[in-house]
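Report on the structure given below.
The values are calculated or read from the model by the stated rules, or taken from the named source; none is laboratory data. Predicted model, so just to flag it, every value in this text is computed and none were measured. In this analysis, Cβ positions are derived from the backbone assuming ideal geometry, glycine residues included, and neighbour counts consider all displayed protein chains. All accessible areas refer to the heavy atoms of the entire protein, side chains included, with ligands and DNA or RNA removed. Shrake-Rupley method; radii C 1.70, N 1.55, O 1.52, S 1.80 Å.
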Amino acid sequence: MPAIKFRGVDFIQFDALLTEEERLVRDTTRQFIEDNLIPIIEECNRAGRFPRELVKPMADLGFFGASLKGYGCAGMGNVEYGLMTQELERGDSGVRSFVSVQSGLCMYPIWEFGSEEQKETWLPPMQKGEKLGCFGLTEPGFGSNPGGMKTRARKVGNEYILNGEKMWITSGTIADVAVIWAKVENENDKIRGFLVEKDRPGFTSQDVHGKWSLRASVTSGLSLQDVHIPEANLLPKSGGLKSPLMCLNQARYGIAWGAIGAAMSCYDCALQYAILRKQWRDQPIASHQLVQDKLTWMISEITKAQLLVLQVGRLKDAGKAEHQHISMAKRNNVWMALECARLSRDILGANGVADDYPIMRHMMNLESVKTYEGTHDVHSLIIGQSVTGIDAF
Ligand SMILES: Cc1cc2nc3c(=O)[nH]c(=O)nc-3n(C[C@H](O)[C@H](O)[C@H](O)COP(=O)(O)OP(=O)(O)OC[C@H]3O[C@@H](n4cnc5c(N)ncnc54)[C@H](O)[C@@H]3O)c2cc1C
């Protein structure tokens, strides 16, 4: 079977809905991924290796903090940003996760809740990829319900002392700085964000091993045992659970686009394979009605997902996107991508389980994407709450 090369997916002239600048961002990212990630991603996935060599080239293209303004960031519109994450995830969800965490979960809270000094210190080197960040919200006992967190900060003199455990933290061991969310004992357990540099005594991190998903991304546990940080490391404008949730909204929006990239990769691979692969009377399997039905389902759902997230992006640019809009886009598009991965894997038969093709890797990655940043079911509850006014958590 000849090598299958991605050709792009556009059934309803979706491109006509994009500006020239948006198409340029999409095409530049697509070319970067084709030239730099596709040739190495299967090796990285097998080895469980994060392709760190791509950090600098990604920084040079403005991928980090891309939608932020100032401090050397690209200041992209929300649709440009989304198309960038789509192309990154067409390459690999793990690499897209790295960029989402660096941008939406570390640079964004510094930009939104940080002091001017914190912004000047961290944002320019993070934009350049010289400093890496992570976001510590989840704990071993608290995932979907982060408000239950046990991590505590206590103010003593002009310092804070942090104690707690964080789990499933993307980029935890490679990060120079962690945004840690903790309840402040002297403020009635109000949740606030803190910047914790990796070399603070008492702060340790270790990688999670044995993951069958996002193998090209680093996932870690963080431990904070009497970690002293100066009060200047508090993110001064953070306050309450809504602060980390605002960060998650940024990242969830990128995921909603990213999942389309993974779906496109699977669909396009399955379509090309179905035309090449012959079975029964020397006919391509694409000539069978059941195979065509699967391809039809996929192209229809990809197209609907594109339209959904484009509208959410336009709302976001206009300052009108609500968190429930982003929940719908994340929930629908990740579910859709996972179904596309399963159908595509099926169309490839036995070849579908091998890493000569990207499908099984996308499928395994998307299992994490379905769970993180609010599980599929948690987003059902958010949408349900929005339409009924009743909290069913
Ligand atoms: C690879 C990877 C990377 C991650 N990166 C990060 C990161 O960088 N930073 C970070 O802070 N976290 C990160 N996470 C953690 C992630 O956000 C959590 O795993 C997620 O929030 C779910 O929490 P949980 O795993 O504890 O599952 P649980 O909350 O225990 O949920 C288990 C199941 O119960 C369901 N459930 C829970 N509550 C309800 C309810 N009220 N009603 C109905 N069903 C419910 C869920 O939908 C799910 O199906 C990462 C996770 C993974 C897998």
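Quick notes
- Picking from residues in segment 336-356 that are more than 24 Å from V309 (Cβ to Cβ) and surrounded by 21 or more Cβ atoms within 10 Å (Cβ to Cβ), the one that is farthest from the ligand (Cβ to nearest atom) is I347.
- Restricting the first member to segment 266-288 and to residues that are within 27 Å of E87 (Cβ to Cβ), and the second to residues that are polar (S, T, N, Q) and modelled with pLDDT of 95 or more, the beta-carbon pairs closer than 6 Å and six or more apart or on different chains are C266/S344; A270/S344.
- Index of the failed condition, R46 passing every other in (1) within 16 Å of the ligand (Cβ to nearest atom); (2) closer than 24 Å to G221 by Cα: (1)
- G210 vs. criteria within 30 Å of E42 (Cβ to Cβ), free of Cβ contacts under 8 Å to residues at least 12 places away in the same chain and either within 13 Å of the ligand (Cβ to nearest atom) or of a type in the set (K, R) (or both): yes
- Segment 26-61, subset outside any helix (DSSP H, G or I) and in contact (Cβ under 8 Å) with a residue 60 or more places away in the chain, residue most open to solvent (accessible area, probe 1.4 Å): R49
- Residue match in segment 296-309 (condition: of a type outside the set (D, E, K, R), open to solvent by less than 60 Å² (accessible area, probe 1.4 Å) and more than 18 Å from Q13 (Cα to Cα)): no
- Scan segment 62-85 for residues that are assigned to a helix (DSSP H, G or I) and more than 16 Å from the ligand (Cβ to nearest atom) and the total you get is 7.
- Here N333 meets the list (1) more than 16 Å from the ligand (Cβ to nearest atom); (2) among the polar types (S, T, N, Q); (3) farther than 30 Å from Q13 by Cα almost entirely, failing just condition (3).
- Residue list for segment 236-294, restricted to those being farther than 30 Å from N188 by Cα and not in a helix (DSSP H, G or I): R277, K278, Q279, W280, R281, D282, Q283, P284, H288
- Any hit, segment 333-340, residues being at pLDDT 95 or above, among the polar types (S, T, N, Q) and not in a helix (DSSP H, G or I): no
- Hits in segment 357-374 (condition: within 11 Å of the ligand (Cβ to nearest atom) and open to solvent by 40 Å² or more (accessible area, probe 1.4 Å)): M364, E367, K370, T371, Y372
- If you check R361, R331 for being within 17 Å of R90 (Cβ to Cβ) and either out of contact with any Asp or Glu (no Cβ under 8 Å at 6 or more places or on another chain) or charged (D, E, K, R) (or both), only one passes: R361.
- Failed criterion for K320 (all others in (1) part of a helix (DSSP H, G or I); (2) within 30 Å of K69 (Cβ to Cβ); (3) open to solvent by 40 Å² or more (accessible area, probe 1.4 Å) hold): (1)
- The set of residues from segment 1-25 being part of a helix (DSSP H, G or I) and open to solvent by less than 70 Å² (accessible area, probe 1.4 Å) comprises F14, D15, E22, V25.
- Residue within segment 77-84 that is polar (S, T, N, Q) and surrounded by 15 or more Cβ atoms within 10 Å (Cβ to Cβ) present: yes
- For segment 214-258, the set of residues classified as within 11 Å of the ligand (Cβ to nearest atom), open to solvent by less than 30 Å² (accessible area, probe 1.4 Å), touching a helix residue (DSSP H, G or I) at 6+ places or on another chain (Cβ under 6 Å) and not hydrophobic (A, V, I, L, M, F, W, C) consists of S217, R252, listed by residue number.
- Hits in segment 167-194 - residues which are within 12 Å of the ligand (Cβ to nearest atom) and aromatic (F, W, Y): W168, W181
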